[in-house]
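Working notes, structure below.
The values are calculated or read from the model by the stated rules, or taken from the named source; none is laboratory data. Computed from a prediction, not measured in an experiment: that's the story for all the values here. Please note: Cβ atoms are built from the backbone with ideal geometry, for glycine as well, and neighbour counts cover all protein chains shown. Only protein heavy atoms, including side chains, enter the accessible area calculation; ligands, DNA and RNA are left aside. Shrake-Rupley method; radii C 1.70, N 1.55, O 1.52, S 1.80 Å.
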Amino acid sequence: MDQLLLNVPFTASVMDLFRDAVVVTDAQGIILQVNKTYQDISGYTEEELIGQRPAKVKSGRHGDTFYQAMWQDLKSIGYWEGEIWDRRKNAELYPKWLKIQAIRDSLHQITHYVGVFHETKNPNPSFHERERLANIDPLTGLCNRRCYRENLIQICHDLSPKEQFIQLYVDIDRFKDINERYGYVVGDDLLTIFADRIRSLWHEINDNLLVPIGRDQDELLARFSGDEFLMGFRFLKREGIDVDVLLQRISNALNAPYKARGQTIHVSSSVGMAQLHVDASDGDELIAHSEAAMYVAKQTGGDGTMIFTKSIRDILERKRLIERSLISAIKAHQFELYYQPKIGGLSRQVCGYEALVRWNHPELGMLSPTEFIPIAEETGAILPLGDWILEQACQYAKRLHDLGFHNLPVAVNVSAAQLSDPGWLDRLLLTLKSTQLPAHLIELELTETQLLNDIEHSTDIITYIRSLGIKVALDDFGTGYSSLSYLRNLPLDTLKIDRSFVSHLKEGQENYDLAIIKAVTALAKQLGIALVAEGVEQTTQEKILTDIGCDQLQGYLYSKPIPAKEFLALCLRSLAAEDA
């Protein structure tokens with residue numbers, strides 16, 4: 001075999017870059033190389049294929065005349081393309097679209113053939129085949145969302161009082177980061193391997209039950225969406241299954257390292273569980289409650305399991321109540337803006353302020369934005385809410401301007417949904433026009449993550465906004481995917497150092513966070529960008545930040561976010577102190 005691999009046109013790493021199946025033969029048609037996709041589709045291993053002829057996978061559907069015409073084209077014009085049927089190792093026939101290219105040397109002699117193919121759909125599938133395709137996730141081969149829900153409806157109908165059914169909702173932690181680091185080809189392979197591990201695990205557990213619920217055709221498994229999977233277990237109550245032990249076993253198995261395209265990838269998963277007729281009365285509610293439990297596990301840092309409980313039910317009901325009342329709350333004037341001052345590092349005077357929304361909910365009381373803003377972003381309510389916040393902040397800033405505060409800009413947070421909304425920029429300009437607020441008195445705060453989702457679009461928007469005189473700040477700097485190249489290319493006015501760095505500052509003690517703040521301060525000065533430190537709560541933090549040269553400070557040391565009337569009084573006191 002080693003002799004056969006000499007002078008092959010591609011390295012193994014290049015071969016595995018192809019998502020389609022690839023096979024390389026010598027001039028006589030002996031297989032020299034195949035990639036992983038070819039092995040996956042054919043069912044044969046590399047060792048079983050190298051040294052053989054492609055005829056090893058012939059289906060028998062095509063006669064000698066067909067292959068003679070193919071080889072004639074390859075030898076005369078060096079190329080052939082068309083649909084052909086082949087046979088997998090398990091004897092299953094399948095159609096594929098195949099392209100073959102002859103490779104020639106400097107003397108124009110054929111040295112190799114390279115074949116590339118992908119599977120094609122049968123143009124005339126049977127009724128059963130159409131049903132199968134409609135119910136199966138094409139990437140993993142598991143049930144899809146539709147199929148699983150139908151199976152679950154049947155289980156809800158058939159489950160006897162002697163049985164119990166538990167629903168598991170599995171999500172891969174930080175899968176987006178894996179895609180960004182390794183690429184989507186590796187990500188897809190990882191999902192496929194993850195699904196295979198889930199299938200093996202399900203059968204291993206199910207086969208040890210007193211009354212196994214089925215084999216492949218009855219698998220209670222699904223790829224529900226993206227990187228989310230469902231597993232269902234039906235068993236007799238008298239088996240006394242310890243669900244805590246079961247969940248831990250599943251979590252341990254799924255978190256073992258994965259090998260995809262030559263990469264060893266370490267992943268963790270979050271698993272939520274709910275039980276039929278205990279936590280939910282029907283299939284849809286069961287899935288929703290197991291998903292809610294999974295999210296609680298994820299919010300605690302991931303890599304864990306969670307069983308649905310009354311407290312999670314209460315959290316879910318609270319979230320649903322917030323969802324239902326978000327839009328009507330805007331019309332009912334239940335929201336209110338609070339304002340937190342920014343203090344000049346040297347002057348100790350108010351030099352700006354941030355608008356922060358609060359919700360005085362009629363049933364739940366005063367709500368923090370950390371609770372309802374993520375829900376608003378999920379539901380799309382962030383667009384009308386964001387418009388309301390912007391308008392109210394501009395109206396208040398104009399009022400302060402008219403009272404003599406001509407250089408006191410208001411900072412307003414802008415969500416990713418607003419930035420990507422085609423009509424948002426027009427509404428921003430209309431708000432400035434209607435409130436007659438000078439453009440330099442508003443600063444829009446954006447986060448790293450939302451900017452880097454579409455860096456080109458973000459740069460264009462920021463450039464245009466700043467051309468109007470509006471300021472732009474990068475919020476929570478250091479907590480996302482920070483890159484100095486982005487700072488160099490993004491037209492920014494202000495950097496806000498996240499409170500997580502400030503909280504660890506101690507007088508007379510050098511540490512990692514202090515080193516970062518010093519570096520960022522020096523960089524901001526070189527780029528001509530103002531620097532704001534958030535979360536200042538102690539005088540020692542204030543002194544360190546002032547000594548470093550931080551321009552503005554913000555935090556509870558000076559004031560918590562306060563209502564508009566209180567903030568106006570604070571500004572007036574600051575002005576009086578300055579005049580004195």
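For residues that are of a type in the set (Asp, Glu) and within 19 Å of the chain's Cα centre (by Cα), scanning just region 185-200, find the one that is surrounded by the most Cβ atoms within 10 Å (Cβ to Cβ).
189
From the set of residues in region 543-559 that are open to solvent by less than 30 Å² (accessible area, probe 1.4 Å) and over 36 Å from the mean Cα position of the chain (by Cα), which is farthest from residue 516 (Cα to Cα)? Before the answer, list the steps.
Taking region 543-559 first, the residues open to solvent by less than 30 Å² (accessible area, probe 1.4 Å) are 544-546, 549-550, 553-555, 559.
Imposing the further condition that a residue be over 36 Å from the mean Cα position of the chain (by Cα) reduces the set to 544, 546, 549.
Details: 544: 13, 546: 15, 549: 14 Å.
If we take residues in region 543-559 being open to solvent by less than 30 Å² (accessible area, probe 1.4 Å) and over 36 Å from the mean Cα position of the chain (by Cα), then 546 is farthest from residue 516 (Cα to Cα).
Out of all the residues in region 156-183, which are β-branched (Val, Ile, Thr) and either surrounded by fewer than 16 Cβ atoms within 10 Å (Cβ to Cβ) or farther than 16 Å from residue 290 by Cα (or both)?
178, the sole residue that qualifies.
Residue-wise test of (1) surrounded by 14 or more Cβ atoms within 10 Å (Cβ to Cβ); (2) within 26 Å of the chain's Cα centre (by Cα).
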position: 351; (1), (2): yes, no
position: 358; (1), (2): yes, no
position: 361; (1), (2): yes, no
position: 366; (1), (2): no, no
position: 382; (1), (2): yes, yes
position: 388; (1), (2): yes, no
position: 391; (1), (2): yes, no
position: 397; (1), (2): yes, no
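Name every residue in region 40-74 that is exposed (fewer than 13 other Cβ atoms within 10 Å of the Cβ), outside any helix (DSSP H, G or I) and at pLDDT below 85, in order of residue number.
If the condition is that a residue be exposed (fewer than 13 other Cβ atoms within 10 Å of the Cβ), outside any helix (DSSP H, G or I) and at pLDDT below 85, then 60, 61, 63 are the ones that fit.
Residues being surrounded by fewer than 20 Cβ atoms within 10 Å (Cβ to Cβ) and among the small types (Gly, Ala, Ser): count how many of those fall in region 238-291.
Looking only at that region, the number is 8.
Go through region 219-256 residue by residue and tally those that are part of a loop (DSSP other than H, G, I, E, B) and either in contact (Cβ under 8 Å) with a residue 60 or more places away in the chain or over 29 Å from the mean Cα position of the chain (by Cα) (or both). Break it down into steps so the answer makes sense when it comes.
Here is the first cut: in region 219-256, the ones part of a loop (DSSP other than H, G, I, E, B) are 219-220, 226-227, 240-242, 255-256.
When the remaining residues are screened for being either in contact (Cβ under 8 Å) with a residue 60 or more places away in the chain or over 29 Å from the mean Cα position of the chain (by Cα) (or both), the result is 219-220, 240-242.
Selection size over region 219-256: 5.
Please pick out the residue among 103, 77 that is open to solvent by 80 Å² or more (accessible area, probe 1.4 Å) and of a type in the set (Val, Ile, Thr).
Numbers: 103 fails: open to solvent by 80 Å² or more (accessible area, probe 1.4 Å).
Testing whether each residue is open to solvent by 80 Å² or more (accessible area, probe 1.4 Å) and of a type in the set (Val, Ile, Thr) leaves just 77.
Just checking, which of 274, 288 is farther than 30 Å from residue 387 by Cα, in a strand (DSSP E or B) and in contact (Cβ under 8 Å) with a residue 24 or more places away in the chain? Explain how you work it out, then say what you get.
Numbers: 288 fails: in a strand (DSSP E or B).
Residue meeting the stated conditions: 274.
The rows are residues; the columns are (1) loosely packed, with under 15 Cβ neighbours inside 10 Å; (2) within 17 Å of residue 176 (Cα to Cα); (3) at pLDDT below 80.
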residue: 210; (1), (2), (3): yes, no, yes
residue: 213; (1), (2), (3): no, no, yes
residue: 218; (1), (2), (3): yes, no, yes
residue: 221; (1), (2), (3): no, no, no
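Starting from residues that are of a type in the set (Asp, Glu) and under 36 Å from the mean Cα position of the chain (by Cα), keep the ones in region 523-542 and report whichever is least open to solvent (accessible area, probe 1.4 Å).
Checked region 523-542; the qualifying residue least open to solvent (accessible area, probe 1.4 Å) is 534.
Please enumerate the residues belonging to region 308-336 that are part of a loop (DSSP other than H, G, I, E, B) and either exposed (fewer than 15 other Cβ atoms within 10 Å of the Cβ) or not aromatic (Phe, Trp, Tyr) (or both).
Of everything in region 308-336, those that are part of a loop (DSSP other than H, G, I, E, B) and either exposed (fewer than 15 other Cβ atoms within 10 Å of the Cβ) or not aromatic (Phe, Trp, Tyr) (or both) turn out to be 309, 332, 333, 334.
Collect the residues in region 88-118 that are closer than 17 Å to residue 37 by Cβ and in a strand (DSSP E or B), keeping them in residue-number order.
Result: 94, 95, 96, 97, 98, 99, 100, 114, 115, 116, 117, 118.
Cβ-Cβ below 9 Å, separation at least six or inter-chain, first residue in region 545-569 and closer than 14 Å to residue 495 by Cβ, second modelled with pLDDT of 95 or more and of a type in the set (Phe, Trp, Tyr): which pairs?
Partner pairs satisfying both residue conditions: 554/353.
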